[in-house]
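Derivation of every value follows stated rules applied to the coordinates shown; laboratory data play no part. Remember, predicted model here, so these are calculated numbers, not experimental data.
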Amino acid sequence: MSTETKVRPDSTTDESTDDDTPKFFHYVKKNKIAESAVMGTHVVALCGEVFPVTRSAKPGSPVCPECKKVYEGLRKGE
């Protein structure tokens, strides 16, 4: 009689990285960022995601594709 050991594959989520930073940064109205950071209120991103601001994006940070699409559409209409 033989026994076989099955190994469960590692799984990761698309929402964050190993160091707990978000996978994407979102576009938010500028006047709401400071309020959220200080008061802990939630903001609404252009893509519709709602969250409190806890980190600021650095140049070259990955941007949410949906937010980017909406933002580019707004810029063309001005």
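Would you mind calculating the gained length between VAL70 and THR41 on full extension (0.36 nm times residue separation, minus the Cα-Cα distance), in nm to one decimal? Don't skip to the end; give the middle numbers.
Numbers: separation 29, 0.36 × 29 = 10.44 nm, distance 2.29 nm.
Between VAL70 and THR41, full extension yields an extra 8.1 nm.
Residue separation times 0.36 nm, minus the C-alpha to C-alpha distance between VAL63 and ASN31: what's the value?
Working: separation 32, 0.36 × 32 = 11.52 nm, distance 1.91 nm.
Difference between extended and current length: 9.6 nm.
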